[in-house]
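The values are calculated or read from the model by the stated rules, or taken from the named source; none is laboratory data. Because the structure is a prediction, the values reported are computed rather than measured. Heads up, the Cβs are rebuilt from the backbone with ideal geometry, glycines too, and the neighbour counts pull from every protein chain shown.
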């Protein structure tokens, strides 16, 4: 379980977030939704140790940690596949950097390629495949980290609606089949409502949690359910108010 | 590509025709401005005499390129790894280019003699700067999101250099190398002008003193062919190495 307690981050005089709190249950799927530029990506950068935080604490399974770099896998908005490597070599990058056993890593990557619908495309270069396939390959690479916590920063935002929908089920696969705890940033309320166990609605700078909305029931929810329509309207109203503030 | 080659070819032929017509029309003597047909005839029929000189100049240029690569590549990497080194060395690099090569050529001949060493160094001095600067700029141009990805994967600087920075900088490197090889002959020829026993520059000085202007032009033609061949060779290597573009 991830616990973020009273986390603060400032850039000069600008407070990005102050006394920010967050809890992610083990194998939970929590989605962060908030206005652009409110500090969501900064939160991930701080959690992963890319930049330092100014105050507060982070704990993983009850143990205080300096950052989550060695605990989490982080998938950013862009696929960030290296254009000079084949899809397989891109997927094997974490294993190569960590000097892991090549054969074992290769077998694991091959199996993930099959599970994520990339079998047969191992030797392709990123420039030769579609955006959706690139994101899937980035997902394989993220899974190759073998870390329990996965941080996803708008992983599907650059994709068309149909591809996005098919990849949403893959994100759920991360949680259910691969037993990952997922913290995801998105701007898409519908995506949040389809996938999340919890939706955290965030304010503008300095970022704070406006509301935490727990969601029940089976995932890949149909959005025409009256309760979800109400929640969507509520979230939109909250964000609208925040924008007008 | 084919169209631009056709345009280039047509332009060259047009210039040669105008040149030939002007020489014939104004009845210009060969020691003032020889006709292109005369120059080509000297370049072809006196090839056995020109060849050893061209071989010497080519050797100076090639060894100069290798020497400059041997220094420029590690230097660019160190300057990138340690910005303090870059700050310390940058003024000297710029100064080395601000001093005309003509000014240092006599000194190099005095220090290194009439053999190929002084010419090699002259060529290397000229090539070194564009390669170093373009490679360094290539490293610096690497997208910060990729840097963060490597940081999160726990890659150290040299691993990141091998897997990310180098491939990223390759297009810049080849651009610098193309500039370098195009001007490399200048260094070698200037060195030969100042003092040599063989080489196209030496031949030009000898021919000029005897008013054999057609031979001077023939040597220039051979130099041009050498420069263009090197440029094409680097372009070919670039295509072979950078397969993902």
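List of remarks:
- Boolean, residue B:73 is surrounded by 13 or more Cβ atoms within 10 Å (Cβ to Cβ) and either assigned to a helix (DSSP H, G or I) or in the same structural domain as residue B:199 (by TED's automatic domain parsing) (or both): yes
- In the set (1) touching a residue at least 40 places away in the same chain (Cβ under 8 Å); (2) in a helix (DSSP H, G or I); (3) more than 14 Å from every other protein chain (Cβ to nearest Cβ), the condition left unmet by residue B:211 is number (2).
- Condition check for residue A:113: touching a residue at least 24 places away in the same chain (Cβ under 8 Å), farther than 30 Å from residue A:14 by Cβ and away from chain B (no Cβ under 11 Å): yes
- Any chance residue B:58 is in a helix (DSSP H, G or I) and surrounded by 14 or more Cβ atoms within 10 Å (Cβ to Cβ): yes
- Considering residues of segment B:227-245 that are in contact with a helix residue (DSSP H, G or I) (Cβ under 6 Å, 6 or more places away or on another chain) and more than 14 Å from chain A (Cβ to nearest Cβ) only, the residue nearest to residue B:31 (Cα to Cα): B:227
- Count - residues of segment A:204-245 that are over 16 Å from residue A:30 (Cα atoms) and in contact (Cβ under 8 Å) with a residue 60 or more places away in the chain: 7
- Residue in segment B:127-136 that is assigned by TED's automatic domain parsing to the domain that holds residue B:199, over 17 Å from the mean Cα position of the chain (by Cα), under 30 Å from residue A:81 (Cβ atoms) and buried (at least 19 other Cβ atoms within 10 Å of the Cβ) present: yes
- Among (1) more than 21 Å from residue B:201 (Cβ to Cβ); (2) surrounded by 19 or more Cβ atoms within 10 Å (Cβ to Cβ) - the single one residue B:29 does not satisfy: (2)
- Residue in segment B:87-105 that is outside any helix (DSSP H, G or I) and surrounded by 15 or more Cβ atoms within 10 Å (Cβ to Cβ) present: no
- Yes/no for residue B:188 being within 22 Å of the chain's Cα centre (by Cα) and under 20 Å from residue B:137 (Cα atoms): no
- The listed residues are A:123, A:104, A:52, A:119, and the only one of them that is away from every other protein chain (no Cβ under 14 Å), in a loop (DSSP other than H, G, I, E, B), surrounded by fewer than 21 Cβ atoms within 10 Å (Cβ to Cβ) and touching a helix residue (DSSP H, G or I) at 6+ places or on another chain (Cβ under 9 Å) turns out to be A:119.
- Only residues that are in contact with a helix residue (DSSP H, G or I) (Cβ under 7 Å, 6 or more places away or on another chain) and part of a loop (DSSP other than H, G, I, E, B) were counted across segment A:216-237, and they come to 4.
- Of all residues in segment B:143-164, those being modelled with pLDDT of 95 or more and more than 11 Å from every other protein chain (Cβ to nearest Cβ) number 1.
- Whichever residue in segment A:128-142 is within 24 Å of the chain's Cα centre (by Cα) and within 13 Å of chain B (Cβ to nearest Cβ) and, among such residues, is nearest to residue A:181 (Cα to Cα): A:142
- Set B:34, B:29, B:52: member being in contact (Cβ under 8 Å) with a residue 60 or more places away in the chain and outside any helix (DSSP H, G or I): B:34
- Filtering A:156, A:174, A:200 for residues that are in a helix (DSSP H, G or I) and crowded, with 19+ Cβ neighbours inside 10 Å leaves a single hit, A:174.
- Of all residues in segment A:56-92, none satisfies the criterion of being within 14 Å of chain B (Cβ to nearest Cβ), in a strand (DSSP E or B) and out of contact with any helix residue (DSSP H, G or I) (no Cβ under 9 Å at 6 or more places or on another chain).
- Residue count for segment B:195-208, restricted to those that are touching a residue at least 40 places away in the same chain (Cβ under 8 Å) and surrounded by fewer than 22 Cβ atoms within 10 Å (Cβ to Cβ): 3
- Looking across B:58, B:103, one residue alone is at pLDDT 90 or above, more than 30 Å from residue A:144 (Cα to Cα) and in the same structural domain as residue B:229 (by TED's automatic domain parsing). It is B:58.
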